[in-house]
There are 2 protein chains.
Amino acid sequence: MEQKVDKKEIQEQRVRGYFIQATKDMLKGEGLKSLSVRSIAERAGYSYATLYNYFKDVQTLVFECVKDFQDECVDFVLAEIKDDVRGLPAIEQIAKGYIKYFVQYPGIFELFFVERVNQMSNNSNTLEMIYNFLDRLTSSEWEYCKTKKILKKEVAESKRNELRYAVMGLLLFYNNRRQPASYQEFTAMCDAVIRGILRQ
Amino acid sequence: MEQKVDKKEIQEQRVRGYFIQATKDMLKGEGLKSLSVRSIAERAGYSYATLYNYFKDVQTLVFECVKDFQDECVDFVLAEIKDDVRGLPAIEQIAKGYIKYFVQYPGIFELFFVERVNQMSNNSNTLEMIYNFLDRLTSSEWEYCKTKKILKKEVAESKRNELRYAVMGLLLFYNNRRQPASYQEFTAMCDAVIRGILRQ
DNA sequence: AAATAAAATTAACATTGTTAATGTTAATTA
DNA sequence: TAATTAACATTAACAATGTTAATTTTATTT
């Protein structure tokens, strides 16, 4: 009897996976605007109603992609930074990689930080994971700064907060309001702001 | 013949005003989520299709509220600050008032910074007005800092940018992701971040 | 092979933005 | 004043959306 349950579980997870993969593809491609129950289901190879046999609603499905995208973003950022750099320059590079990822995939930016959340997906675990995402990426480097006496504990704490919010603001203005107007100006602004915050 | 045109113009502007007022009321109340062509028209006392005799589409109508809300926000902020304060403390108070306004009216925050824009409303004049909004509110105080030699020109410029983006990040996380979880924690965080940036 | 359980689909509904056709006033002309 | 026309407003309709219920198809068990 154990086996039967397992088999059923495996199959169910497989189908769930098809829907999740379809959703992820669309989020990375067209973005949130072209995402719909019908378009997801079509891409997954099922009818639209089948989705509701596996997910409570479309918001729940969409929020199940968060974890995967975070993992992908971590890989993306790690690939961007030179591994001999430590401390403040490392933090700068991580922040820039992080920004680059969310500019490349504005749909994922929307999903993480913008899209209205409902009860279900509003499981505050996910929300906190999102909130602390940049902090987790940079935490070891902040530690490095503290142990190497580059920064005092309180200063590091303060800069960490400032960086988290400033990066978010930069992304919001550029992704949602096209300000600054060109990518060049935008990266120059990122540079200035990040360095301004990290400078002692 | 001039008169007839004027009269027509006046009446048209009046009706437009009814729709705009209805939209503004809803944005301040229920927010963007409950906003629809039908709900706006009902509140304005017209049928939903009448709206299209006065506005190209609903997005255009909604974006016509931006200017009015900016004026309102300016009044709100000015009422919050003590008028004997100048320079950095004044900038701090302005930033806090600005934050307070957009926390009080999350629907207006969404309209200004979050909602997807289309071709028409994407008249970059409005977008730039939004982008520079906090800067306009604080500009005279930054000038004050420079003329009184409190800050060097480049430092002031840098801090102005950092503040703009950090304030946006704070609002985005709190309004859209309920992080920090309580209003108390949030205001404490605003305090820390704003002071961190403004501290020489 | 028949009965039953599981999975997937079609049909349907309510809500949305938008347009076209129609009705209803107000203004102009004869 | 009565008929015509222009302006304005409304109803009807469509397509797209999320979601649910009923139904059909497929797989499993007896």
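Derivation of every value follows stated rules applied to the coordinates shown; laboratory data play no part. Model, not experiment: these values are computed from the prediction. Every residue, glycine among them, receives a Cβ derived from its backbone with ideal geometry; neighbour counts consider all protein chains shown.
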Rounded FRET efficiency, nearest 0.05, which uses the C-beta distance separating B:S47 from B:I10 and R0 of 30 Å
0.85
In degrees, nearest 10, the alpha-carbon axis of helix A:183-198 is tilted away from the dominant principal axis of the alpha carbons of chain A by 60 degrees
What range in chain B is the longest one free of trypsin sites (Lys or Arg not before Pro) that are in a loop by DSSP and have at most 13 other Cβ atoms within 10 angstrom?
B:1-55
Identify all lysines with a Cα-Cα distance to B:K149 below 19 Å; exclude those on the same chain that are fewer than 8 residues away in sequence.
B:K159
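Under 8 Å for C-alpha pairs, at least 6 residues apart: give me the relative contact order for the range B:2-63, rounded to a whole percent. Spell out each step's value before the answer.
On the way: 41 pairs, mean separation 19.9, N = 62.
Reported as a whole number, the value is 32 percent.
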Could you work out the pair-distance distribution P(r) of chain B from its alpha-carbon pairs, with 5 angstrom bin width and percents rounded to whole numbers?
1, 7, 14, 16, 17, 14, 11, 8, 6, 4, 2, 1, 0
One would report the Cα pair-distance distribution of the range A:63-105, bin width 10 Å, in %, as 29, 50, 19, 3
Rounded to the nearest 500, what is the 222 nm mean residue ellipticity of the protein assembly as shown from helices alone, with -39500 (n - 2.57) per DSSP H run of 4+ residues and division by all residues?
-23000 deg cm²/dmol
Inter-copy distances for B:Q200, label 7 Å out on the Cα-Cβ vector, sorted ascending, nm, one decimal, are 1.9
Mind pulling the angle between the C-alpha long axis of helix A:133-147 and the longest principal axis of chain A? Nearest 10 degrees, somewhere in 0 to 90.
30 degrees
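Any idea what the dipole of the protein assembly as shown comes to, in debye rounded to 20, about its Cα centre with Lys/Arg Cβ at +1 and Asp/Glu Cβ at -1?
Working: 60 positive and 56 negative charges, 105 e Å.
Approximately 500 debye in magnitude.
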Calculate how large, on average over all directions, the projected area of the Cα convex hull of the range A:2-62 is; give the answer in nm² to one decimal.
4.1 nm²
At the level of C-alpha centres, the distance separating the range B:129-164 and the range A:126-173, in angstrom, is 24 Å
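Using alpha-carbon pairs under 8 Å, 6+ residues apart, how would you state the relative contact order of the range B:97-184 in percent?
About 30 percent, as a whole number.
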Label 7 Å beyond Cα on the Cβ vector: B:N118 copy-to-copy distances, nm
2.4
Relative to the longest principal Cα axis of chain A, at what angle does helix A:66-80 sit, 0 to 90 degrees, rounded to 10?
40 degrees
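Just subtract the alpha-carbon distance of B:M129 and B:V155 from 0.36 nm times their residue separation and send over the number in nm, one decimal.
Details: separation 26, 0.36 × 26 = 9.36 nm, distance 2.35 nm.
Gain on stretching B:M129 to B:V155: 7.0 nm.
Given a cut-off of under 8 Å on Cα pairs at least six residues apart, what relative contact order in percent is computed for chain B?
Working: 154 pairs, mean separation 38.3, N = 200.
Over chain B, the number comes to 19 percent.
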Within the range A:41-136, DSSP-loop chymotrypsin sites (Phe, Trp or Tyr not before Pro) with at most 15 other C-beta atoms within 10 Å are none
List the distances, in nm and shortest first, from the label point of A:P89 to the matching label points in every other copy, placing each point 7 Å from Cα along the Cα-to-Cβ direction.
4.2
Could you let me know the centre-to-centre spacing of the range B:48-80 and the range A:60-98, using Cα atoms, in angstrom?
38 Å
What residue among B:T126, B:T138, B:T147 shows peak mean-square fluctuation when chain B is described by a Gaussian network model with Cα springs under 10 Å?
B:T147
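Just the projected area, averaged over all directions, of the convex hull on the alpha carbon atoms of the protein assembly as shown: how many nm²?
Numbers: hull surface 105.3 nm².
That works out to 26.3 nm².
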How much length would be gained if the chain were fully extended between B:S140 and B:A188, taking 0.36 nm per residue of separation minus their Cα-Cα distance, in nm to one decimal?
14.7 nm
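As an exercise, use a Förster radius of 30 Å and the Cβ-Cβ distance of B:V37 and B:A181 to find the FRET efficiency, rounded to the nearest 0.05.
For B:V37 and B:A181, the calculated efficiency is 0.25.
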